[in-house]
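To start, the structure under review is shown below, and the notes come after it.
Please treat every number below as a calculation from the coordinates, not as lab data. From a predicted model like this one, the values you see are computed outputs, not experimental measurements. In this analysis, Cβ positions are derived from the backbone assuming ideal geometry, glycine residues included, and neighbour counts consider all displayed protein chains.
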Amino acid sequence: MGRPKLRTPELRDRVLDVAMATLAGEGVAGFTTRKVAQQAATSIPAVYELFGDKAGLVRELFFEGFRSLRRRLGELRLSEDPRADLVGAFRVFRSFVRDNPVLAEVMFARPFGDFDPGPDERAAGASVREFFIGQVRRCTGAGLLAGNETDIAHVLLALAQGMAAQETAGWLGTSKASVNRRWALAFRATLDGLTPARPHGPTGSPS
């Protein structure tokens, strides 16, 4: 009689949930396969059978992070103001990073030396990226922003990632009001700079 199969959907879900909690509670330095296995009431071989190795487990956390972020974005209710909706989508992004700082580090940086994102991992963020491109497209279609929507979305995502990293590190301000003000300033200034120029009359003044 062969060894019973360790891999089951229920165990996989439990290990992944525990891995998420361990990453959030212990940080990158304290995240080990042994610790995850102990907390999930299973064995290291069972975890390896499910995910291959530690890098495979981190890889699945990477994918789950983008799935979770996309679910949050999908809960947004759009209004008749595309620019306000775009800003609102980045509030969701900010909230996600604030709630999951270590997971966001896995998603947007490379804190684990044995996990090097490849083409499949980079493609995992495509649905999130396409969501933001779609929101920018609504703004360009309404004449609120001018430029290539893909370029604009990439710039805004880079801005949001940088701002979120600064907020997580405590460099963006010492009070909630100051941090909120600086987020608003960053996006207002960037979006205002992408607003189509108003036509000018023959004297050079706005017509």
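Given their separation in residues at 0.36 nm each and the Cα-Cα distance between them, T8 and R67 gain 19.1 nm when the chain is fully extended.
Just to verify a number: FRET efficiency for I44 and T168, C-beta to C-beta distance, R0 = 25 Å, to 0.05? Efficiency, from the Cβ-Cβ distance: 0.20. Say a paramagnetic label sat at a point 7 Å from the Cα of S79, along Cα to Cβ; which residues of the range 141-168 have their backbone N under 15 Å from it? From the range 141-168, the list is empty. Inter-label distance, D120 to T195: 4.6 nm, where each label sits 7 Å from its Cα along the C-beta direction. Please give the net charge around V106, taking every other residue with its beta carbon less than 11 angstrom from that of V106, where Lys and Arg add +1 and Asp and Glu add -1. Counting the neighbours of V106, the net charge comes to -2. Once both axes come from the Cα atoms, what is the angle between helix 149-169 and the longest principal axis of the chain, in degrees from 0 to 90, rounded to 10? It is inclined by approximately 60 degrees. Calculated FRET efficiency, S127 to D99, Cβ-Cβ distance, R0 = 25 Å: about 0.85 to the nearest 0.05. Set against the labelled values [x] 1.10; [y] 1.01; [z] 0.94, Rg/Rh (Cα atoms, Kirkwood Rh) computed from this structure falls on [x].
Using 0.36 nm per residue and subtracting the Cα-Cα separation, the extra length available between N148 and V28 on full extension is 39.5 nm. If you take all other residues with their beta carbon under 12 Å from the beta carbon of R94, and give Lys and Arg +1 and Asp and Glu -1, the sum is +2.
Normalised by the number of residues in the chain, the average gap of Cα pairs under 8 Å and 6 or more apart makes the relative contact order 17 percent. Were the residues from S175 through L159 laid out at 0.36 nm apart, the gain over their Cα-Cα distance would be 3.7 nm.
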